Amino acid sequence: MFTSLFKKKMVIFLTSFMIIVVNISPSLATETIEIQAPTNLQTSISTDLEYSKVVLNWDYSDLSNIDHFNVYSSVDLNAIRLHAAYPTTTEFIDPQGVYANTTRYYYVTAVDVNGNESEPSNIATFNAGNYTNPGNIYIGWSKVDPDAGAYWVSQGYQADYVIMHYTKDGVQQNVKMPNVGGGAWMLSFDDIHELSDVSFTWHYLGFQYDSE
């Protein structure tokens, strides 16, 4: 009788234990969170008075749980790296210049408030491959004032505009050059020796290019 009672108690104990295990085990499961990837990534070019900037735009349906987007870029498709972490907006302006005969590759990921990162978007590219030669650049000197002079840009085509970038007294300047006709542009200075870091940006047929 003692033996029978002991066995009965053991069965009850084991049965209760199994019930406890069954009740606990679902709470140990790990939930997999999938973050929607950005879609329809596209590139365009800005046309303001600064150096050319690539503008990225993409689609994202629900920003409510997104902390930021990561923008990856490179001129080497096999070495794309993190370029910037950007707030929750679906547009990014890349401050890097667009240089002649260069293709830049981009993709974007979404990162939620818990730090989970999505799969990459499609890869978008921007290529500045046409009319990348700024033309012939000359420096003309005044016969009257040895310090005065002018920069001339002579192109074999008529650009929409040419911007001259230079540093004077430690300040970066970006100035549209006056068109003097025949695909030529000129900008005069009282003291041309004060200029440094001179480069040019020009716009033609919907594209903007930078000299290096």
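When each of the peptides 172-182, 155-165 is scored by how many other beta carbons lie within 10 Å of its residues on average, the order from highest to lowest is 155-165, 172-182. Net charge of the neighbourhood of Glu194, taken over other residues with C-beta under 10 Å away and scored Lys/Arg +1, Asp/Glu -1, is -3. Considering only alpha-carbon pairs that sit under 8 angstrom and 6 or more positions apart, the relative contact order computed for the range 39-128 is 33 percent.
Assigning unit charges at the beta carbon (Lys, Arg +1; Asp, Glu -1) and nothing else, what dipole magnitude in debye, to the nearest 20, does the range 39-128 show about its Cα centre?
Numbers: 3 positive and 11 negative charges, 68 e Å.
Once rounded to the nearest 20, the dipole reads 320 debye.
Read the figures in this text as sums done on the coordinates, not as results from a lab. Values in this document were obtained by computation on a predicted structure and should not be read as measured data. Glycine gets a Cβ as well: all are built from the backbone with ideal geometry, and neighbour counts include every protein chain shown.
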